[in-house]
Amino acid sequence: MQGIKTLIPTQTKVQYIQALLRVGFDTIDFGSFVSPKAIPQMHDTAEVLAQLDLSQTKSKLLAIIANTQGAQMAASHGGIQYLGFPFSISENFQMRNTHKTIAESLVTLQEILNIAAASNKEVVAYLSMGFGNPYGDPWNVDIVGEWTERLAIMGVTILSLSDTVGSSTPEVIDYLFSHLIPKYPQIEFGAHLHTTPDKWHEKVDAAYKAGCMRFDGAIQGFGGCPMAKDDLTGNMPTEKLLSYFTEQRASTNASPMSFESAYNEATKLFGAYH
C-alpha cells in the first residue's frame with residue numbers, strides 16, 4: 001500500500017490486513033513507522049494497529065522502520081513482533097532509501113538491535129542489493145558474504161536477502177543461499193525478491209532448492225521499488241508462491257478459502273485506490 005499516492009482510509013486498511021491475518025501467514029508486513037513526509041500512506045500505522053483484532057491469529061506483525069526513533073515507536077507496541085530495517089550494501093541505494101550512508105546505517109542498525117533486545121522484539125534486516133547492483137557500486141557474491149559476516153557479528157539473526165529492482169538470477173540466488181545458509185546456522189535467511197511476470201518461478205525455485213524457507217510476497221505482486229527501471233518489476237506475487245509450494249507439497253499453513261477472501265479484498269483495494 002505504501003506506493004499508492006491516494007490516501008487509503010484507515011478502516012479500509014484495517015479490513016484488508018484483518019483478512020490477511022485470517023490466512024495463516026507466518027508474518028504480516030502491515031505498516032511503517034517512518035516520516036509521513038517520506039511515505040504519507042503509512043501515517044496512520046499506529047491507528048491501524050490499534051484497531052486490529054489479533055486474538056484469533058498466529059501471524060506475527062512486522063513494521064518497517066528506518067531510524068532509531070521509528071524503532072522506539074514500533075517497540076512501544078505490544079502487538080508488533082518484528083522491526084524490519086532496510087540495510088543496503090549499495091551506498092547509492094542506502095542514501096536514496098534512508099538518506100544515510102552505509103557507515104551511518106550500521107550505527108543505526110546497532111541501536112535498533114539494542115532497542116529490540118530491550119523490548120522483546122526481533123529485527124529483520126533486509127540486505128538490499130543482495131543479488132546485484134545496477135547503480136555502479138562494487139558488487140559480487142564475496143561482498144555479500146562479507147556483509148553477512150559483519151551483520152552476524154552484530155547479532156542479526158533474521159537476514160532477508162533483497163532484490164528490489166529484479167536483477168537477481170537463479171544462478172546467483174542458488175549460490176548465495178546454498179553457501180550462506182550452512183555457514184550461518186544461527187541466522188534465518190529470507191528471500192525478498194522482486195520480479196517480472198515471466199521470471200518468478202525460476203527465482204523461487206532456486207531459493208527454495210538452495211534451502212531458503214522464508215519468502216516475502218505481495219498479493220498480485222502489487223507494489224515494487226520506485227527506483228526499479230522496469231515498470232513490470234513488482235513484488236513477488238503471493239499467489240505464485242502458494243502455487244509453487246503446493247506443487248512442492250510444502251506446508252505453508254495458509255487456508256485456501258481465507259486466502260481467496262484476502263485476494264478479493266486486495267482486488268477491491270488496489271482497484272479503488274491505485
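What to note about this one:
- Residues in segment 120-140 that are at pLDDT 95 or above, in a loop (DSSP other than H, G, I, E, B) and surrounded by 17 or more Cβ atoms within 10 Å (Cβ to Cβ): 1 in all.
- Some residue of segment 168-185 being at pLDDT below 95 and open to solvent by less than 40 Å² (accessible area, probe 1.4 Å): yes
- From the list Lys13, Lys37, the lone residue that is surrounded by fewer than 21 Cβ atoms within 10 Å (Cβ to Cβ) and without any contact (Cβ under 8 Å) to a residue 40 or more places away in the chain is Lys37.
- Flag for Thr148 being polar (S, T, N, Q), under 30 Å from Thr196 (Cα atoms) and not in a strand (DSSP E or B): yes
- Note on segment 53-70: residues that are open to solvent by 20 Å² or more (accessible area, probe 1.4 Å) and closer than 14 Å to Leu20 by Cβ amount to 6.
- Unique match (being more than 19 Å from the chain's Cα centre (by Cα) and crowded, with 19+ Cβ neighbours inside 10 Å) among Ala210, Ala191, Ala206: Ala210
- Sole exception among (1) assigned to a helix (DSSP H, G or I); (2) open to solvent by less than 70 Å² (accessible area, probe 1.4 Å) for Val107, by number: (2)
- Test: residue in segment 84-98 that is closer than 23 Å to Gln69 by Cβ, surrounded by fewer than 17 Cβ atoms within 10 Å (Cβ to Cβ), out of contact with any Leu (no Cβ under 9 Å at 6 or more places or on another chain) and not β-branched (Val, Ile, Thr): yes
- Cross-chain or 6+ apart pairs with Cβ under 8 Å, segment 97-110 first and under 19 Å from Tyr135 (Cβ atoms), then open to solvent by less than 50 Å² (accessible area, probe 1.4 Å) and assigned to a loop (DSSP other than H, G, I, E, B): Asn97/Ala66; Thr98/Ala66; Ile102/Ile89
- Breaking point among (1) open to solvent by 70 Å² or more (accessible area, probe 1.4 Å); (2) more than 20 Å from Ser160 (Cα to Cα); (3) of a type outside the set (Gly, Ala, Ser); (4) within 19 Å of the chain's Cα centre (by Cα), for Asp29: (2)
- Check on Ala63, at pLDDT 95 or above and farther than 20 Å from Ile158 by Cβ: no
- Residue in segment 71-81 that is nearest to Glu104 (Cα to Cα), counting only those that are open to solvent by 10 Å² or more (accessible area, probe 1.4 Å) and out of contact with any Phe, Trp or Tyr (no Cβ under 7 Å at 6 or more places or on another chain): Gln72
The values are calculated or read from the model by the stated rules, or taken from the named source; none is laboratory data. Being a predicted model, the structure only gives us computed values, none of them experimental. Glycine also receives a Cβ, built like all others from the backbone with ideal geometry; neighbour counts cover every protein chain displayed. These area figures cover heavy atoms from the full protein model, side chains too; ligands, DNA and RNA do not enter into them. Shrake-Rupley method; radii C 1.70, N 1.55, O 1.52, S 1.80 Å.
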